[in-house]
1. Taking neighbour Cβ counts within 10 Å as the exposure measure, how do Arg336, Arg401 sort from fewest upward?
2. Strictly over 20 Å apart at the Cα level, which of Lys204/Lys370; Lys117/Lys169; Lys169/Lys204; Lys117/Lys186; Lys117/Lys376 would you flag in this model?
3. Please list, in chain and number order, the residues 5+ apart from Ala54 or on another chain whose amide H is under 5 Å from its amide H, with Hs placed from the backbone.
4. Per the Kirkwood formula on distinct C-alpha pairs, the Rh of the range 325-421 is how many angstrom?
5. Using a simple charge model, +1 on the beta-carbon of Lys and Arg, -1 on the beta-carbon of Asp and Glu, nothing else, what dipole does the range 57-96 show about its Cα centre, in debye to the nearest 20?
6. DSSP beta bridges in the chain, what fraction antiparallel, as a percent rounded to 5?
7. State the answer as a single residue: which of His16, Ile366, Ile198 lies farthest towards the positive end of the charge dipole of the chain, with beta carbon charges of +1 for Lys and Arg and -1 for Asp and Glu, about the Cα centre.
8. Can you tell me the 0 to 90 degree angle between the C-alpha axis of helix 118-133 and the longest principal axis of the chain, rounded to 10?
Amino acid sequence: MASAYLTSSSLLAATHCARRLWLQRHAPESRTDQMEAPKPDVALLARGLFTGGADGGASQLETEDALERTRMLLMQGEELLYDAAFAYNGVLVTVDILSRRRNRWYASVVRCATSVKPAHMADAALQALVLDGNGIRLSGSQVIYLNKTYVRRGALDLEQLFLATPVTKAVRGMLPSIELRIARMKRLLEADMPFVAIGAQCHKPGPCWFHPHCAGMEETTREAEGDAPIEVDRPAVGAFLERLQYPLQFVDFEAYQPPVPEYEGHWPYRQVPFQYSLHVQHEPGAAVTHRSFLAEASGDPGRTFLESLLRDLEAEGSVIVFGRSTESTILAQMGRDHPDLEEAALAVRDRLVDLAVPFLEKQVLIPSLKGRSSLKAVLPALLPGQSYEGLAIADGGDAHRAFSWLRQETDPARMAQIRADLLAYCALDTWAMVLILERLRSL
């Protein structure tokens, strides 16, 4: 059942799409659940900066129970509360850390991010508004977030892991606009479902859970440019193909990015490679062979990943990727982590060839793509009938989330299924590159 309260997530939903807010309240059953990577509870971790407090239980208890518990703790004179629940005028907030010092109240918003974002400021303003309605006027607000320059050495150093930015003045300036936005949201929820056309807001900052529902409500039409012919700059494509050297090695890396660094020398959101797929063709017209690696679910996979990759790659020839930034960054990082393998890792990086270049540089212009150039977009546009449809894992984000869940899974059958899904997805990435290169040669 949808909550009767407006929350910070309501505010965020309304910012991106009025229909999303309406559906959250009136048609939550139309939501399509999507896999999300498990995230560390950074608010729980940040309590280590403010020790000795009492837990309001907003994340564990039913709403009314959490509100009552928070009220009781305040009545008992608690001056440091975690996960405290407050409601006012139909709006519910959870305050990560609420402290009283010298009879003045201060609120901390803790977020799993490496910078202060507008949504965090809006959260802080919403909290200030609701707390004021409960008779608690804040003397200060701050956003606590992850320090992207922190490098783990030994045990986590919370004082270095977190940064805090005061936002008191900005929050006070935002209060009138927050009140107006709340009033607009209430009017919107009292009216019929608003029409909002499918657009960029359906995918940014992340995929909307209601997108499949909304897409099904709209009649799609094929635009004329969908059937327009592919335009090819043959001299440019020819020059690109001439640079390739056999054996051709099509490789794709998958990595996850833990917000809180797990291993020595790592930092927040550093890429940790856990999988690769490799298709190899030794000469023109020869059969294509496949090799792959998928890390075990425990421990730092970095060195094992790199050692396996160096064994599987040929000593010479082009190493073909689609969008080189991930592979280039990871090879450089792995080299720094393992000095005895750095020369070999950097030698592989020097052999990288980016198969996305002909599409990024418009050497091959596919009108139906409308400027998109990802592997998932190019494959079906260049080779109708080929796509990622039907796969349990269909993009890199899904792969990251699946491996993150695999690391917490204990059921052997479920673990085996996730591993099979990951292997199938990554293998298709490199096989897609094989097919795209073959098609480029024929254009």
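1. Arg336, Arg401
2. As for pairs spanning more than 20 Å Cα to Cα, those are Lys169/Lys204; Lys117/Lys186; Lys117/Lys376.
3. Here Leu80, Leu81, Tyr82 satisfy the definition.
4. 16.5 Å
5. So the magnitude is around 100 debye.
6. Beta bridges within the chain, antiparallel portion: roughly 70 percent.
7. Ranked along the dipole, the leading option is His16.
8. The helix 118-133 is inclined about 20 degrees to the chain.
Readers should treat all values here as calculations from the given coordinates under stated rules, not as data from a laboratory. The shown structure was predicted, so the numbers you read here are calculated from the model rather than taken from an experiment. No Cβ is skipped: glycine too gets one built from the backbone with ideal geometry, and neighbour counts run over all protein chains shown.
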